[in-house]
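These notes are about the structure you will find just below.
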Amino acid sequence: MTRADDEPIALAVFDVDHTLVRGSSGGAFIGYLWRNDVFTRAQKKMVVREMFAHRFQGRSGRQLVELGARVFDGLPEPELREHARRCVTEDVHKIVYREALEAIERCRARGLTVVLASGSTELVIEPLAELVGASLGIGSRALVRHGRFTAEVEQPVPYQQGKVTRVEQAFAARSIDWKASTAYTDRAIDVPLLEKVGRGIAVNPRGKLGPLALERGWRVERWRRVVGAPGKARGE
């Protein structure tokens, strides 16, 4: 092992939905699959039912995260991964914030390893990470058997403390210098991550995060400009 491999690694962890992108990357993928008739009729009914339950019956954010993985139950893995790549290329890249790309470049220039970590499906988060120049994409993951996705969701899901755990698992071979690390997010569900890093940044903070950021001294940034055009997700 080289001396560099022994040194702790400093990260820049970016939440994705409403932080790196305007809106929901997972929602964009579900919309893509719906428009392209990839879902069965039963899956479409489940999406409608669960979204209604989340909006009107108080389903938790964690339950919605797990739904985002379970909805692919029975679909073939290779085809779905190809659909996800197309969705990122055709749709998701358009809603990436330009300020996010600029922040990623600054973090890389400081020697930080950039990671996207989201409760949305890893089918979208992994190609999105590649597109924006991140080293790693972490998302919720449904288990695969015999080449098809199942309704079982890998635990922990990257939500609240589970996001910190998944990042730590991803870098198990290296120690993380959390004090030298940075995190970007828009909601208070990521307080465990913000408390872990030395530099927390609240992007377009929603709900409780705005007042909490002021109380804790976390920087607040307002991101407004999206890419909006093909082929401009890196090297602006």
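The values are calculated or read from the model by the stated rules, or taken from the named source; none is laboratory data. This structure is a prediction, so every number in the text was calculated from the model and none was measured. Glycine gets a Cβ as well: all are built from the backbone with ideal geometry, and neighbour counts include every protein chain shown.
Overview of values
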{"read-out": "Residue ID - farthest from GLU126 (Cα to Cα), chosen from residues in the stretch 160-177 that are out of contact with any Asp or Glu (no Cβ under 8 Å at 6 or more places or on another chain) and crowded, with 21+ Cβ neighbours inside 10 Å", "value": "VAL164"}
{"read-out": "Which numbered condition PRO205 fails, given (1) in a loop (DSSP other than H, G, I, E, B); (2) at pLDDT below 95", "value": "(2)"}
{"read-out": "Options VAL144, VAL157, VAL92; residue that is more than 20 Å from ASN36 (Cα to Cα) and either under 17 Å from the mean Cα position of the chain (by Cα) or among the polar types (S, T, N, Q) (or both)", "value": "VAL157"}
{"read-out": "Filter result for PRO211 (at pLDDT 95 or above and either among the acidic types (Asp, Glu) or in a loop (DSSP other than H, G, I, E, B) (or both))", "value": "no"}
{"read-out": "Selected residue (criterion: farthest from LYS94 (Cα to Cα)) from residues of the stretch 181-202 that are in a loop (DSSP other than H, G, I, E, B) and within 19 Å of the chain's Cα centre (by Cα)", "value": "VAL197"}
{"read-out": "Top-ranked residue in the stretch 88-104 [being in a helix (DSSP H, G or I) and β-branched (Val, Ile, Thr); ranked as farthest from TYR159 (Cα to Cα)]", "value": "THR89"}
{"read-out": "Subset of the stretch 11-41 [among the β-branched types (Val, Ile, Thr) and in a loop (DSSP other than H, G, I, E, B)]", "value": "VAL16, THR19, VAL38, THR40"}
{"read-out": "Residues that are over 28 Å from VAL153 (Cβ atoms), assigned to a helix (DSSP H, G or I) and among the hydrophobic types (A, V, I, L, M, F, W, C), drawn from the stretch 105-130", "value": "CYS107, ALA109"}
{"read-out": "Given (1) in contact with a Pro (Cβ under 6 Å, 6 or more places away or on another chain); (2) at pLDDT 95 or above, number of the condition THR185 does not satisfy", "value": "(1)"}
{"read-out": "Selection from the stretch 123-136 of residues that are free of Cβ contacts under 8 Å to residues at least 60 places away in the same chain and crowded, with 24+ Cβ neighbours inside 10 Å", "value": "ALA129"}
